[in-house]
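Asks: Before I ask anything, let me first share the structure, which is written out below as C-alpha cells.
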Amino acid sequence: MTYKSRKIKIEKVESPSIKIDDMVIEIGEVEEDTWDEAMGPTPKPEWMDLRDWDHKLIEKYEPFYSPTCDMCCLCSFGKCDLTHGKKGACGIDSKTQQARMVALECAIGTAAHGAHARHLLEHLIERLGVDYKIDLGMNIAVEAPIYRTIVGSKPETLGDLREGMDYSEKELQHILSSVHTGQEGSYVDFESKALHAGMIDNLVKEIADIAQIVGYDFPKGDPDAPLADIGYGSVDRKKPVVLFIGHNVAPGAEVITYAEVNDKIDKIEVAGLCCTAHDLQRRRDSAKIIGPMSDQIQFIRSGIADVIVVDEQCVRVDILEEAQKVGAPVIASNDKMGLNLPDRTLDNPDEIVDDLATGRAPGVLIWKPEKVGEVAVKLAEKIAPIRAKYKEGSLPSEEEVKNEAARCVSCEKCQRACPVNLHISPTLKEAANGNFAPLAKLREKCIGCIRCESACQRDIKVLSLIEKAAEAKTYSETYKIRIGRGPILDTEIRNVGAPIVFGEIPGIIAFAGCSNYANGAEEVARMAEEFLKRNYIVVVSGCAAMSIAEYKDENGQTLYERYPGTFDAGGLVNTGSCVSNAHIIGAAIKIPAIFARRNLRGNFEEISDYIFNRVGAVGVVWGAMSQKAISIGTGLNRWGIPIIMGPTGTKYRRLYLGRKDKPEKWKLYDAKTGKKVDGEPAPEHLAYAAESMEEAMVMIAKLVMRPNDTTRQVKLAHYIDLHQRYMGTFPDDVHLFVRTEADIPINAKKKILEIIRKKGWKPRKIPDPTLLERMIMKKKEAGK
Amino acid sequence: MEAGPKKAIPVDPEGVAKIINRAERSSLAIGAMILENDRLIEFVERLSKAGISIVATAHSIKYTTERGIPAYKAGVVEVTNLLTDPSWEGFDGKGKPDVLLVMAINLDLENATFESLKNYSDVKSICIDRYFMINATYSFPSLTEEIWIEYLERLCQELGV
Ligand code: SF4
Ligand code: SF4
Ligand code: SF4
C-alpha cells in the first residue's frame, strides 16, 4: 500500500455532453495495495485498540511506584500534596499522578524521536524526492517490521513513510492531551497510554533510521560493517576539528558531503559526541566518535574542537557558555535548540564564517543542513589557526590543579551534589600534594554533569581538575567500534529463529540507552562480555555501544575486535544510534514473521504475544537518563520484551514487577487445548532496576526464559551458573522454572532434582502459550 | 532528593534501638555497598543476632552466606514492592516487617525505597546509612565515615549485641 497525493490534469475535453478546459483534479490520498498479506485486526491502532493487551501486561506486572516528587504543580489549583493517600484538588491520587508523569515522560521521549524522524524524512524527501525507493538490499525483504505491524502497510518509498508519521503525530496528541488536568483518572490506563507512547516511539525510530539508511547510503544490515575509531585519542587535533553533538545527522552528513565534493575531507576532522557520532560514522567511516553524551563538557574544555555544531536531544543547554570559554563558535542547526542565537540561514556563508571566526558572533542558527555543511567546513579551516592556543591545551596546568585543589575546604558539598556520590575532597587533598592518581581515577565513574562545580562554595572547577589528572590516559586512547550496521538480515533470522524459539540460543541481550551509569561505563562492557562468552546474541546501540567500545582486554582488543558482527550466537551487533535500536525490536518481530510465518500486517497483539511467550529477548538500559530512554524501554515492554535498568531507572518513578509468589498471576492459555493452565514467572519482571552489575547479569539470565522454551537446559544452566558465580549461592527459585526433568541441566541433574523436590516440585506440561483468547479460537477454527 | 512536605526525622543510634525494640518485626535491607567499609558485614551479623531479619539485596547474599549470616535474597525493589502489599505475610509467612532498616545500598535505590514506603505502606523506614535520607521515616544525619561506624557500634551495643 502506498500513500501519495495525485494530480490529474485535463487540458481539453469536448464531447456533445461535456466541455472541459484546463481542469486539475487533486486526490489527497490514494491507497494502492501492492501487498497481498491479509490485514490484521489493528492497523494504525488507537490507544483503545490495544488497551486490553496493556491491561493483561499490567495485571501480571503491577506498577511499582517510587515518587520522585510527592507534589503536583501542573495547574493553578496546586501545588497539591499527594503524600500517603492525600488527593490533589482535581481528585488525583499519588499512584495515578506517578503514572501520569510516566505517560508524560514517554510522550516527551516519543515526541523527540518523532520530531527527529519527521525532520530527517522531510529533509530527505526535499533532496531525493517523494518517490525515492526504500531498498535495504537483497537480504532484507521485511524492510520495516515495526511499521508493517503497526501501520499495516509496506513502505516502498520515502514518501510512503509519511503515512506512519501522520499516524504517530495524531496518536501522540491524544496521549499528551490525556495528561491535562481532569482527564485520565486511572493509573492503569495512564500506564496503558505510556505503553502506547512507547510503541509509537519504536515506530518513529524505525522510520527515522530507514530514511537515513536509504537517504545517506548507510550500511544496510552488513554483519561485516567495518571497524572504526572511537576515543579522544582518535582525533587528529592538528587538523581543523568540527564537532557534532546530538542525534540528527542531517547537518553532519552535509558537512561530510561538502568536504568530499570540495576535496577537503582529508584536511578536516569530523567528530561527534552521542548518537549523531554513530550516524556520522555510518555516513563515512573516517568520522570519529569521541564518546557518549556524558563526555560533552570534558571534550569541549579540552579545546580540541574548533567548531561545535549542535542538533537535537541530550545536548548540554549551556553549551554556548562552555564553548565561549575555549573560543569555539557554536552553530545551532535544528529547531529544537535556538539558544537565542541570530538566524543566519539566508545570509551569505562567507559573511557568517567571518563573523564567527572573528568572534563578532559567539554562535549562529542555520536551519539548512546544506548551508551548515559549507559554513562549518570553511569556518573550521579559518578559525583553527586562530584558536591554536586553545587547541594546544585548554585544561589547567598541573601547577594550577595543585593550587586549585589546595583551596578545597573538604565541606563535601560536591560529594552530596554528585549523582554518583564520588568522594571528591580526599582526592583533591592528594592532588594538592602532587598525587594525581586518585583524582584521575574519579573519571572512570564521573558522568560529566558538573553538579559538583555548581555546589562548590569555593568555585573549584572540579571536572577540569579531574580531566587534567586523567589527561595522559584519556587523550592517548583510541578504541575500535564496529560501525552501526542498521537492520538485521532476513537470512540471519532464518538461521537463528528456531534455536531462539526452542531455547537453544539462550537469549538476545540488547544494551541500549544513555551513559548515566551509577558505577562507571566499564560495567556495560563487562556484562556484554559475559553474555558473549556464553553465546547469547548481544545487540547494542547508542551510548551503550560506545561504552562497550571503550574497554580493552589484556591484549588491547575491544569486544568489537574479538566478536563477529553477526546476529547469531556469540555475535556482537552494533545497530548504530538510538533510532537504530528499532531494529532490535525489528529482529524480534521478524522471528514470528519469517520463522513462524505469522502475519505482521496490522497485527500488533498477536506478534507481541508471540514475542512475549517465545522470544527470549531482554533490553538492558544500564545508564538510563533521558525521557527517550523510558519511552524506548516502555515500547519494548509493550512488545513483550522485559527491560533492566541501573539504579537511576527508579527515577522514572515506575517499574513493572511480577510476583513469583503469586501463581495465579502466571496462568495462561494453552492454545492447543484452549484451557487456562498454570504458567511460570517467565519473564518474572517487565521493567526492573538492579543495583549492581552482578545482580543485573543474574536477572538477565532469568528474564530470557519464556513459557514456550522447548528446552530450558541451556537457559537454566546459565542462570544457575551466573547465580552461583555472582551471588555465591544456588538460586532459590529454580523449581519455578523447571517444567519437566528434561529442563534440568544434565551435569548437575541429580543434585538439582533433589533440591527442587524438597521445594515440592512436580512436573507439568509445556503449553502452547498465549495470553490471547482469540489465538485459541483461531486454532480451533483451523482444526475444524 | 526532597520529595515533599513529609520529611525524615533525624535519629541517633539510641533512638533507632528504641524503635526496633518497640517494633513487632524489624528487618534490615543491605546491598551492593556492603564492602565499602570492612566493618559493615560485622554489624549486619550483630544486628541479625539481635533478631532483625536480613534481606540481602543486589549480590550481597554472597557476603552474608560467606559469613554464615541467615538472610533472604531479593532485589531491593522487589522487597520494597512486597512491603507495599498489605496482604504480604513476610518471607517466612509469619508476618510482614513493620520496620525496615536500610544500609549499604546505592543511594538512588535507597531513596526509591523510602519514597515508595512513605507513600504506599505503613512500614516505618529507617536509614542507618551515612547520609541523611529525607524520604525515610527516620534517618541518621549525614555523617563522616568514622562517626557513622561509631553510630553503628552504638546501635549494636544498645541492642545488646
Ligand atoms: S493537576 Fe491536580 S494534583 Fe496537579 S496541581 Fe492541578 S489540581 Fe493539583
Ligand atoms: S561532574 Fe563528575 S564528579 Fe562532578 S558531580 Fe558530576 S559526576 Fe560527580
Ligand atoms: S564543594 Fe568545593 S570546597 Fe567543598 S569539598 Fe567539594 S571541592 Fe572542596
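Asks: Considering (1) in a strand (DSSP E or B); (2) closer than 19 Å to A:ILE366 by Cα, say which one A:ASP229 fails and leave the rest.
Replies: The number of the failed condition is (2).
Asks: For region A:483-531, how many residues are assigned to a loop (DSSP other than H, G, I, E, B) and more than 14 Å from chain B (Cβ to nearest Cβ)?
Replies: 17
Asks: Here is a further query. Out of region A:152-180, which residues are in contact with a Leu (Cβ under 7 Å, 6 or more places away or on another chain) and buried (at least 23 other Cβ atoms within 10 Å of the Cβ)?
Replies: A:PRO155, A:LEU158, A:LEU161, A:GLY164, A:SER168 - these are the residues of region A:152-180 that are in contact with a Leu (Cβ under 7 Å, 6 or more places away or on another chain) and buried (at least 23 other Cβ atoms within 10 Å of the Cβ).
Asks: List the pairs whose first member sits in region A:381-398 and is part of a helix (DSSP H, G or I) and modelled with pLDDT of 95 or more, whose second member is of a type in the set (Gly, Ala, Ser) and loosely packed, with under 13 Cβ neighbours inside 10 Å, and whose Cβ atoms are under 9 Å apart, counting only residues at least 6 apart or on separate chains?
Replies: A:ILE386/A:GLY359; A:GLU398/A:GLY434
Asks: Looking only at residues that are among the aliphatic types (A, V, I, L, M) and more than 13 Å from every other protein chain (Cβ to nearest Cβ) in region B:120-135, which one is surrounded by the fewest Cβ atoms within 10 Å (Cβ to Cβ)?
Replies: B:ILE128
Asks: Okay, next question. Please verify whether region B:46-57 includes one or more residues that are in contact with a strand residue (DSSP E or B) (Cβ under 6 Å, 6 or more places away or on another chain) and within 11 Å of chain A (Cβ to nearest Cβ).
Replies: yes
Asks: Between A:GLU453, A:GLU477, A:GLU471, which is modelled with pLDDT of 95 or more and either away from ligand 1 (no atom under 16 Å from the Cβ) or under 30 Å from A:THR575 (Cβ atoms) (or both)?
Replies: Working: A:GLU477 fails: modelled with pLDDT of 95 or more; A:GLU471 fails: modelled with pLDDT of 95 or more.
That would be A:GLU453, the only listed residue that is modelled with pLDDT of 95 or more and either away from ligand 1 (no atom under 16 Å from the Cβ) or under 30 Å from A:THR575 (Cβ atoms) (or both).
Asks: While we're on this one: If we keep just the residues of region A:398-437 that are under 24 Å from B:ASP108 (Cβ atoms), out of contact with any Cys (no Cβ under 7 Å at 6 or more places or on another chain) and open to solvent by 30 Å² or more (accessible area, probe 1.4 Å), which is farthest from ligand 1 (Cβ to nearest atom)?
Replies: A:PRO426
Residue-wise test of (1) in a strand (DSSP E or B); (2) open to solvent by 10 Å² or more (accessible area, probe 1.4 Å); (3) more than 23 Å from A:SER178 (Cα to Cα).
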{"residue": "A:GLY40", "(1), (2), (3)": "no, yes, yes"}
{"residue": "A:GLU59", "(1), (2), (3)": "no, yes, no"}
{"residue": "A:PHE64", "(1), (2), (3)": "yes, no, no"}
{"residue": "A:ILE92", "(1), (2), (3)": "no, yes, no"}
{"residue": "A:VAL102", "(1), (2), (3)": "no, no, no"}
{"residue": "A:CYS106", "(1), (2), (3)": "no, no, no"}
{"residue": "A:THR110", "(1), (2), (3)": "no, no, no"}
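Asks: Still on this structure, I have one more. Against the condition more than 14 Å from chain A (Cβ to nearest Cβ) and assigned to a loop (DSSP other than H, G, I, E, B), how does B:GLY4 come out, does it pass?
Replies: Criteria not met by B:GLY4.
Asks: Something else: Within region A:617-627, count every residue that is assigned to a helix (DSSP H, G or I) and modelled with pLDDT under 95.
Replies: Taking region A:617-627 and keeping what is assigned to a helix (DSSP H, G or I), we get A:627.
So of that shortlist, the ones also modelled with pLDDT under 95 come out as none.
Looking only at that region, the number is 0.
Asks: Can you tell which of B:LEU117, B:LEU82, B:LEU152 is touching a residue at least 60 places away in the same chain (Cβ under 8 Å) and crowded, with 19+ Cβ neighbours inside 10 Å? Show your work before the answer.
Replies: Numbers: B:LEU117 fails: touching a residue at least 60 places away in the same chain (Cβ under 8 Å); B:LEU82 fails: touching a residue at least 60 places away in the same chain (Cβ under 8 Å).
So the residue among B:LEU117, B:LEU82, B:LEU152 that is touching a residue at least 60 places away in the same chain (Cβ under 8 Å) and crowded, with 19+ Cβ neighbours inside 10 Å is B:LEU152.
Asks: Still on this model: I need the full set of residues from region A:597-624 which are surrounded by fewer than 24 Cβ atoms within 10 Å (Cβ to Cβ) and either without any contact (Cβ under 8 Å) to a residue 40 or more places away in the chain or of a type in the set (Phe, Trp, Tyr) (or both), in order please.
Replies: Matches in region A:597-624: A:ARG597, A:ARG598, A:ILE611.
Asks: I would also like to ask the following. Please enumerate the residues belonging to region A:720-746 that are within 14 Å of another protein chain (Cβ to nearest Cβ), open to solvent by less than 10 Å² (accessible area, probe 1.4 Å) and assigned to a helix (DSSP H, G or I).
Replies: Residues satisfying the conditions are A:LEU722, A:HIS723, A:MET727, A:VAL734.
Asks: For region A:121-129, indicate whether the set of residues that are more than 26 Å from the chain's Cα centre (by Cα), surrounded by fewer than 22 Cβ atoms within 10 Å (Cβ to Cβ), assigned to a loop (DSSP other than H, G, I, E, B) and away from ligand 3 (no atom under 16 Å from the Cβ) is non-empty. Write out each step before concluding.
Replies: Step one: filter region A:121-129 for residues more than 26 Å from the chain's Cα centre (by Cα), giving A:126-129.
Adding the requirement that they be surrounded by fewer than 22 Cβ atoms within 10 Å (Cβ to Cβ) leaves A:126-129.
Now drop any that are not assigned to a loop (DSSP other than H, G, I, E, B), which leaves A:129.
Adding the requirement that they be away from ligand 3 (no atom under 16 Å from the Cβ) leaves A:129.
There is at least one residue in region A:121-129 that is more than 26 Å from the chain's Cα centre (by Cα), surrounded by fewer than 22 Cβ atoms within 10 Å (Cβ to Cβ), assigned to a loop (DSSP other than H, G, I, E, B) and away from ligand 3 (no atom under 16 Å from the Cβ).
Asks: Could you check, for region A:411-420, whether at least one of its residues is more than 10 Å from ligand 2 (Cβ to nearest atom) and more than 14 Å from chain B (Cβ to nearest Cβ)? First the steps, then the outcome.
Replies: In the first step, residues of region A:411-420 are kept if they are more than 10 Å from ligand 2 (Cβ to nearest atom); the result is A:411-413.
After this cut, where a residue has to be more than 14 Å from chain B (Cβ to nearest Cβ) as well, the list is none.
Scanning region A:411-420 turns up no residue that is more than 10 Å from ligand 2 (Cβ to nearest atom) and more than 14 Å from chain B (Cβ to nearest Cβ).
Asks: Then there is this: Say we look at region A:367-415 and pick out the residues that are of a type in the set (Asp, Glu) and over 33 Å from the mean Cα position of the chain (by Cα); which of these is nearest to ligand 3 (Cβ to nearest atom)?
Replies: Applying the filter and picking the extreme gives A:GLU412.
Asks: Report, by residue number, each residue of region A:324-342 that is modelled with pLDDT of 95 or more and crowded, with 24+ Cβ neighbours inside 10 Å.
Replies: A:ALA328, A:PRO329, A:VAL330, A:ILE331, A:ALA332, A:SER333, listed by residue number.
Asks: OK, next. Taking helices (runs of 4 or more DSSP H) that do not extend beyond region A:424-482, which have at least 1 residues that are within 15 Å of ligand 2 (Cβ to nearest atom) and over 24 Å from A:GLU522 (Cα atoms)?
Replies: Fully inside region A:424-482 and qualifying: A:424-432, A:451-455.
Asks: Here is a further query. Name every residue in region A:589-616 that is over 23 Å from A:LEU489 (Cβ atoms) and in a helix (DSSP H, G or I), in order of residue number.
Replies: Residues satisfying the conditions are A:PHE604, A:GLU605, A:GLU606, A:ASP609, A:PHE612, A:ASN613.
Asks: State whether the residues of region B:14-29 include one that is within 14 Å of chain A (Cβ to nearest Cβ) and either of a type in the set (A, V, I, L, M, F, W, C) or open to solvent by 60 Å² or more (accessible area, probe 1.4 Å) (or both).
Replies: Looking through region B:14-29, at least one residue is within 14 Å of chain A (Cβ to nearest Cβ) and either of a type in the set (A, V, I, L, M, F, W, C) or open to solvent by 60 Å² or more (accessible area, probe 1.4 Å) (or both).
Asks: Scanning for something surrounded by fewer than 24 Cβ atoms within 10 Å (Cβ to Cβ), of a type in the set (Asp, Glu) and either within 13 Å of chain B (Cβ to nearest Cβ) or in contact (Cβ under 8 Å) with a residue 40 or more places away in the chain (or both), does region A:655-665 turn up at least one residue? Please lay out each step first, then the result.
Replies: Here is the first cut: in region A:655-665, the ones surrounded by fewer than 24 Cβ atoms within 10 Å (Cβ to Cβ) are A:656-665.
From what's left, of a type in the set (Asp, Glu): A:661, A:664.
Checking the rest, the ones that are also either within 13 Å of chain B (Cβ to nearest Cβ) or in contact (Cβ under 8 Å) with a residue 40 or more places away in the chain (or both) come to A:661, A:664.
Yes: region A:655-665 contains one or more residues that are surrounded by fewer than 24 Cβ atoms within 10 Å (Cβ to Cβ), of a type in the set (Asp, Glu) and either within 13 Å of chain B (Cβ to nearest Cβ) or in contact (Cβ under 8 Å) with a residue 40 or more places away in the chain (or both).
Asks: In region B:95-114, what residues are at the interface with another protein chain (Cβ under 8 Å from one of its Cβ atoms), open to solvent by less than 20 Å² (accessible area, probe 1.4 Å) and of a type outside the set (Gly, Ala, Ser)?
Replies: Passing the criteria: B:ILE105, B:ASP108, B:LEU109, B:ASN111, B:THR113.
Asks: Let me ask another. List, please: which pairs have Cβ atoms under 9 Å, are six or more places apart or on different chains, and start with a residue in region A:66-84 that is at the interface with chain B (Cβ under 7 Å from one of its Cβ atoms) and end with one that is within 16 Å of ligand 2 (Cβ to nearest atom)?
Replies: Matching pairs, first to second residue: A:SER66/A:LYS651; A:THR68/A:LYS651; A:THR68/B:MET1.
Asks: Can you pull out every residue in region A:702-718 that is more than 14 Å from chain B (Cβ to nearest Cβ), part of a helix (DSSP H, G or I) and within 22 Å of A:ILE641 (Cβ to Cβ)? Give the derivation first.
Replies: Restricting attention to region A:702-718, the residues satisfying the condition of being more than 14 Å from chain B (Cβ to nearest Cβ) are A:704-718.
Cutting the leftovers down to part of a helix (DSSP H, G or I) gives us A:713-718.
Correct list: A:VAL714, A:LYS715, A:LEU716, A:HIS718.
Asks: Being at the interface with chain A (Cβ under 10 Å from one of its Cβ atoms) and surrounded by fewer than 24 Cβ atoms within 10 Å (Cβ to Cβ) is true for just one of B:SER142, B:SER60. Which residue is that?
Replies: That would be B:SER142, the only listed residue that is at the interface with chain A (Cβ under 10 Å from one of its Cβ atoms) and surrounded by fewer than 24 Cβ atoms within 10 Å (Cβ to Cβ).
The values are calculated or read from the model by the stated rules, or taken from the named source; none is laboratory data. Source: prediction; values computed, not measured. Positions of Cβ are backbone-derived with ideal geometry, glycine not excepted, and every protein chain shown enters the neighbour counts. All accessible areas refer to the heavy atoms of the entire protein, side chains included, with ligands and DNA or RNA removed. Shrake-Rupley method; radii C 1.70, N 1.55, O 1.52, S 1.80 Å.
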